Amino acid sequence: IFGGMPDKVKVVSNLPYNISSPVVELLVRHRSIFSQAVLMVQREVARRFIAGPGTREYGLLSLNIGLWARVRVLFDVRPGSFTPPPAVMSSVVSVEFDPGITHDGLDETIFRDMTGAAFRQRRKMIRNTLVPFIDSLNGIGGGGASMLESAGIDPAARPENLSVDDFVRLTMLAAERMHGRKR
């Protein structure tokens, strides 16, 4: 649809609450087409977009958006603003896909698989989730625990305590090991 456009596309939408996360994931995956999205979503979803490490709302959605975009909550919208009023508060957010955010050489497949493995059991320590995942990667043959140490990550931490940068460092180390490159 957007082939041949001279500029990146801006998206403005009131997203149906039940599909807001998948739509935002799709926008993130195709960020080369979009410069910005201004979206109205359920307030709890907006909080997940902007959540930082160590918070209850922080998770895969926070990581995947935070990897490539800057997100701001612009304002909240009360249920009485709609007819019929929904049972939840809404928030309008700005998602800016900044071309200055780069992670040169990042293998996004490994990043998504690694963060998925970590957050599938978010209450477990990462030594029990990420080490087995890293050890299972083709070509690594063990060494997940030493990779955590090399990345400066505490094996007793839980996934919600690791930042985007922590997961990026660990992904880069795993990809380098898989492909035989040295730092």
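The values are calculated or read from the model by the stated rules, or taken from the named source; none is laboratory data. The structure displayed is predicted, hence computed values, not measured ones. Note: areas computed on protein heavy atoms with side chains; ligands, DNA, RNA excluded. Shrake-Rupley method; radii C 1.70, N 1.55, O 1.52, S 1.80 Å.
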Of all DSSP beta bridges in the chain, antiparallel share, percent nearest 5: 70
Helix-only mean residue ellipticity at 222 nm for the chain, each DSSP H run of n ≥ 4 adding -39500 (n - 2.57), per residue, nearest 500: -12000 deg cm²/dmol
Backbone HN-Hα couplings from phi across segment 117-123 [Karplus 6.51/-1.76/1.60, Hz, Gly and Pro as x]: 4, 5, 8, 4, 10, 4, 8
Gaussian network model of the chain, Cα within-10 Å springs - most flexible of Ser163, Ser62, Ser136: Ser136
Rounded accessible area of Phe97 (nearest 10 Å², 1.4 Å probe): 10
Segment 63-123 shape via C-alpha gyration tensor axes, a/c threshold 1.5: oblate
Accessible area in square angstrom per residue, segment 125-171, 1.4 angstrom probe: 42
Degrees, to the nearest 10: 164-179 long Cα axis against longest axis of the chain: 50
Within the accessible area of the chain (1.4 Å probe), percent carbon and sulfur: 52
